1. Can you give the extra length, in nm with one decimal, that the chain gains between Leu272 and Leu235 once fully stretched, where that is 0.36 nm per residue apart less the Cα-Cα distance?
2. Rounded, prolate or oblate: pick one for the chain, where a ≥ b ≥ c are the square roots of the eigenvalues of its C-alpha gyration tensor, a/c under 1.5 means rounded, and failing that, prolate if a/b is larger than b/c, else oblate.
3. So how much slack lies between Tyr100 and Ser298, counting 0.36 nm per residue of separation and subtracting their Cα-Cα distance, in nm?
4. Counting other Cβ atoms within 10 Å, keep those with at most 13, restrict to DSSP loop, and tell me which GluC sites (Glu not before Pro) in the range 1-100 are left.
5. Per the helix-only calculation at 222 nm, which mean residue ellipticity applies to the chain, given -39500 (n - 2.57) for every DSSP H run of n ≥ 4 and division by its residues, nearest 500 deg cm²/dmol?
6. How do the peptides 165-178, 115-128 rank, highest first, by the average count of neighbouring beta carbon atoms within 10 Å per residue?
7. Expected output is a single nm value to one decimal: the length gained when fully extending between Trp8 and Val68, i.e. 0.36 nm times separation in residues minus the C-alpha distance. What is it?
8. Hey, rough spin-label estimate for Leu34 and Phe192, points 7 angstrom out along Cα→Cβ, what's it come to in nanometres?
Amino acid sequence: METIILDWLNLVVRWTHVITGIAWIGSSFFFMWLDAHLEKPAPGKEGVEGELWMVHSGGFYEVDKFQVVPSAIPRTLHWFKWEAGFTGISGVILLAIVYYLGAEAFLIDTEVADLTRLQAVGIGIGTLVVGWVAYDSLFASKFGQANMLLANTISVIVICLVAVGLSQLFTGRAAYIHVGGLIGIVMVLNVFGRIIPAQRNLIAARNAGDEPDPTLGKRAKQRSVHNNYLTLPVLFIMLSTHYPATFGHPQGWVLLIAISVSGALVRHWFNLRNASTPALWPIPAAVVIFLITAGWASFPTIQAERAAVTGDKVEFTEVRAIIDARCSVCHAARPTYEGFDVPPKGISFDDAADIRKHASAIKKTSIDTDTMPLGNETKMTPEERQALGAWIRAGANIE
Ligand code: HEC
């Protein structure tokens with residue numbers, strides 16, 4: 001009963017997370033597009049740096065951009081912050097539902113690190129909190145301000161180290177999501193903690209008749225540049241849980257870093273274009289990094305090792321026995337594993353035909369990677385994986 005409620009809650013929160021995330025990233029892309037398409041204003045528009053016209057859904061829109069705070073602050077000013085806020089809140093709740101309440105299955109893999117639930121959850125939350133504090137302190141500090149390039153480099157290196165470190169402690173999937181969570185929290189708190197307050201200060205200064213402090217605006221801009229480069233990596237990480245070939249790879253962190261870099265390069269290409277200094281190189285660079293990574297990861301090393309040991313023909317009866325022993329507690333029309341009322345992802349292995357139908361999915365999760373059985377709860381052995389692999393390679397016959 002309890003798990004059913006959690007499943008529905010999971011759905012509602014995930015739905016919210018995706019909707020608010022789309023609204024947030026969408027509005028941020030829209031403003032970048034706006035900035036890039038502004039034209040010189042018509043004469044006589046005081047304080048206006050650029051203008052543009054748009055047509056959408058039968059209406060015409062005129063936008064004027066003021067570089068400095070306008071002399072008269074309009075009565076209604078839209079801030080665009082709750083998209084980020086709700087994405088952050090729903091993300092943290094989702095993290096707790098999936099990875100902290102389901103720590104045994106999704107967070108902890110005792111073959112990676114023998115952590116208790118409390119330790120694992122503590123490390124997860126600790127990473128997010130310490131990560132934000134370290135990042136924010138670095139860029140708020142005199143050192144960070146004076147050595148921007150160095151500070152940026154340090155942050156990238158630290159994120160890579162977090163990815164490596166977490167992959168030695170959690171399941172591959174949880175390691176990915178915590179790196180994504182850290183990036184997401186940095187982005188949300190940049191908006192709430194730095195960008196919005198800076199904008200408020202600018203307005204307060206204008207209202208008080210003071211000259212707004214330009215450094216606040218400059219620092220807010222810096223955080224928004226960070227957010228800009230982080231958007232494509234964080235979206236990749238959100239989607240990666242559907243691809244066991246990424247997080248399930250023995251060196252999953254390499255893929256995490258390389259694919260994120262290719263995403264940031266694509267963003268860089270857009271930025272150069274928007275800044276009217278277009279350059280093509282980021283796109284081929286991103287494609288090359290992506291292809292090399294995908295090629296390297298797919299190079300079937302694990303498979304080759306497993307094939308080398310098992311030359312014999314594997315009968316379906318043996319496969320049936322392995323699946324029954326290692327998978328069917330969860331993947332059955334009526335799972336017996338505690339907390340499961342229905343087979344996960346609708347995948348059950350009750351009939352021989354079901355097993356055959358899912359052979360390529362089984363290969364992805366249990367032979368090419370070790371993502372299934374979940375957290376290796378049922379203690380599947382490497383020999384059993386080899387046997388399944390040999391059976392699939394020979395055509396997955398169930399006769
Ligand atoms: C302890 C329970 C459990 C066991 C044991 C288990 N699984 Fe799963 N399996 C799950 C859960 C939960 C999911 C859904 C994961 C998710 O939400 O992405 C899943 C998903 C899958 C998927 C779909 C993956 C995807 O991303 O679409 C496949 C294929 C799969 N399991 C195969 C297997 C095989 C093969 C075995 C046995 C070798 C196995 N599982 C053992 C719980 C289990």
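1. Answer, rounded to one decimal: 11.2 nm.
2. prolate
3. Values: separation 198, 0.36 × 198 = 71.28 nm, distance 3.08 nm.
Length gained, Tyr100 through Ser298: 68.2 nm.
4. Glu46
5. On the way: 16 runs with 242 residues, N = 399.
Helices in the chain give a 222 nm mean residue ellipticity of -20000 deg cm²/dmol.
6. 165-178, 115-128
7. 16.9 nm
8. Here the modelled spin labels are 2.3 nm apart.
The numbers here are math on the coordinates, done by the rules we state, and not lab data. Just so it is clear, the model here is predicted, and its values are computed rather than measured. When we count neighbours, we look across all protein chains shown, and the Cβ atoms used for this are built from the backbone with ideal geometry, even at glycine.
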